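In what follows, a single structure is set out as structure tokens and then discussed.
The values are calculated or read from the model by the stated rules, or taken from the named source; none is laboratory data. Nothing here was measured: the structure is a model prediction, and the numbers come from that model. Neighbour counts are summed over all protein chains in view; Cβ atoms, including those assigned to glycine, are modelled from backbone coordinates with ideal geometry.
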Amino acid sequence: MLPLPATDPGTPHVLSVTELTRSMRELIEGTMGELWVEGEVSNYRKQASGHQYFTLKDDRCQLPCVLFFRPGLRHASMTLAEGMLVHVRGMMTVYEARGQYQLNVNLIQAAGAGLLAAKFEALKRKLSAEGLFDAERKRPLPRFPKAIGIVTSPTGAAIADMLNILHRRAPWIEIIINPVRVQGLGAAAEIAAAVEEFNGGGLPPVDLIVVARGGGSTEDLWEFNEETLARTIADSAIPVVSAVGHEIDFTISDFVADLRAPTPSAAAELVAPDSATLLRRFEQLGAAIERTVRERVRGHQAQLSSILRSALFREPTSRLQALAQQLDDTTERLARGASERLARARQRLEAVRGRLREHRPDQLLRIRRQEVAGLGARLEHGFAQRMGVLRGRLEHAGNLLRVLGPDSTLNRGYSITRAEDGTILRSVAEALPGAHLRTRLADGELRSRVE
């Protein structure tokens with residue numbers, strides 16, 4: 001109930017707009033106190049004073065909010081953006097000049113932190129199962145790059161720190177910056193397009209690419225957890241270094257890149273060789289080369305001194321004459337040895353010829369031919385004798401067959417009686433009454449029936 005001043009019961013009390021608005025403010029602030037509200041950020045704007053104005057809304061209602069700038073407030077590291085789901089804590093009040101209630105915010109937290117973490121883990125498991133995080137596909141970075149491409153915001157502190165370190169460590173390296181947004185909706189697509197530009201030849205060629213961003217909240221770094229950017233980094237033909245956030249921050253880009261640097265400054269330290277260290281190394285190598293050359297020169301000098309002191313160098317004519325005489329002796333020994341070997345070879349050849357004459361192949365062949373001819377004649381004679389004996393036996397068997405054969409028996413008055421099926425009858429018991437018989441005689445055959 002609004003506190004109204006006492007009046008005459010018959011006269012209505014009329015409030016001014018200011019009085020009513022102030023009463024509403026006192027009522028709201030006195031009864032609601034501090035509270036938490038969840039909603040989606042819309043109509044966000046930030047004034048030059050640092051104060052931030054926005055509206056929290058859900059699917060049916062909306063609530064005006066104001067976040068007054070105060071140094072040291074915990075929301076300082078969080079950047080609000082359209083569509084962000086947040087939890088805010090504050091006091092309900094009424095802005096009297098407009099007559100609207102609003103929430104004076106003193107603390108902001110990301111409402112989607114749990115959801116973002118779940119999305120992060122789900123995408124991490126998916127890409128890991130595809131092998132995008134495997135160490136085998138990671139490529140080594142060039143040890144001495146000539147040109148480095150950097151994909152980052154051109155106005156952030158990260159690029160300034162990186163350039164200082166790169167120029168200090170390796171001033172000869174060419175730095176090509178492809179500027180992009182590094183947070184907010186659509187930043188991942190810009191970063192992926194910048195990496196593709198380095199690969200597609202739209203920019204001068206580089207030996208490696210660094211994707212960099214300074215620290216921030218989970219929401220600030222979320223664009224580096226997008227699948228599109230992760231796959232673009234994995235498909236890059238140029239090695240990619242991910243340098244996002246602080247050392248404790250991890251993004252999907254870190255896992256899929258060829259190398260993860262804990263910070264952008266650390267990335268600059270990793271990709272650029274230290275010129276001072278290289279100079280010291282060159283000096284060490286130069287000293288080692290100088291020592292090696294000096295030792296070899298001393299060795300060659302000693303060898304030259306030995307040659308100068310040798311008899312060949314001091315008396316070359318005598319030495320050459322001695323060598324010529326040795327050559328003559330060697331030639332004579334070789335000629336003598338060759339003659340002796342030739343004589344022995346001739347003796348062996350004559351001995352072989354003598355044995356060949358004693359065992360002439362043509363004579364042996366003639367003898368063997370005669371022996372074969374004799375064996376053939378004996379074989380032919382034996383075969384003829386054997387055929388005569390077999391022919392006589394055959395004729396004798398033919399004569400016996402003619403004498404003892406069935407035809408001769410029939411000619412002597414005998415006959416052969418058969419049944420209708422051709423069976424020879426050997427007994428009268430085999431001839432049944434009514435049976436038809438065939439009887440063969442010497443000059444023909446008779447047919448009969450048994451009565």
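Among all residues of region 254-263, there is at least one that is surrounded by 10 or more Cβ atoms within 10 Å (Cβ to Cβ), within 23 Å of Ala135 (Cα to Cα), touching an Asp or Glu at 6+ places or on another chain (Cβ under 7 Å) and not β-branched (Val, Ile, Thr). Here Gly156 passes the criteria (1) surrounded by fewer than 18 Cβ atoms within 10 Å (Cβ to Cβ); (2) at pLDDT 90 or above except the one numbered (2). Considering Arg231, Arg139, the condition of being assigned to a loop (DSSP other than H, G, I, E, B) and either buried (at least 16 other Cβ atoms within 10 Å of the Cβ) or not acidic (Asp, Glu) (or both) is satisfied by Arg139 alone. Of the strands (runs of 3 or more DSSP E) lying entirely inside region 31-102, those containing at least 2 residues that are surrounded by 13 or more Cβ atoms within 10 Å (Cβ to Cβ), modelled with pLDDT of 85 or more and in contact with a Cys (Cβ under 6 Å, 6 or more places away or on another chain) are 52-57. The helices (runs of 4 or more DSSP H) falling completely within region 238-355 include none with 3 or more residues that are within 30 Å of Gln183 (Cα to Cα) and free of Cβ contacts under 8 Å to residues at least 40 places away in the same chain. Kindly indicate whether any position in region 193-202 is assigned to a loop (DSSP other than H, G, I, E, B) and over 15 Å from Val151 (Cβ atoms). Yes, that holds for at least one residue.
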